[in-house]
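The values are calculated or read from the model by the stated rules, or taken from the named source; none is laboratory data. The shown structure was predicted, so the numbers you read here are calculated from the model rather than taken from an experiment. What goes into the accessible areas is simple: the full protein's heavy atoms, side chains included, and nothing from ligands, DNA or RNA. Shrake-Rupley method; radii C 1.70, N 1.55, O 1.52, S 1.80 Å.
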Amino acid sequence: MVSGEIEVYIGYRRLYQYWCGHNSAVPELRPMFSIPNISPDGIFSVTDDFNEQITSIAREILTSFPT
């Protein structure tokens, strides 16, 4: 998502599926699924603001992993 190689919504849904099954292994993803007024299991609008928020959170998460 950060590099633009995958559409933000698609990446978000894939990460959410992974997180649901493995959340104790990847607690770093929690902020991505704790955005006020957005329920990953519910209906929400994929707006420019959503895309920017998710990309920004993903960028922050990436810096927490060793390179």
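Overview of results
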{"item": "Conditions (1) outside any helix (DSSP H, G or I); (2) open to solvent by 60 Å² or more (accessible area, probe 1.4 Å): number failed by Y9", "result": "(1)"}
{"item": "The stretch 24-34, subset of a type outside the set (D, E, K, R) and open to solvent by 60 Å² or more (accessible area, probe 1.4 Å), residue nearest to M1 (Cα to Cα)", "result": "P31"}
{"item": "Check on G21, part of a helix (DSSP H, G or I), of a type in the set (G, A, S) and open to solvent by 30 Å² or more (accessible area, probe 1.4 Å)", "result": "yes"}
{"item": "Count of residues meeting criterion [in a loop (DSSP other than H, G, I, E, B) and at pLDDT 90 or above] in the stretch 24-34", "result": "1"}
{"item": "Qualifying residues in the stretch 35-67 (those that are aliphatic (A, V, I, L, M) and open to solvent by 40 Å² or more (accessible area, probe 1.4 Å)) - the one modelled with the highest pLDDT", "result": "V46"}
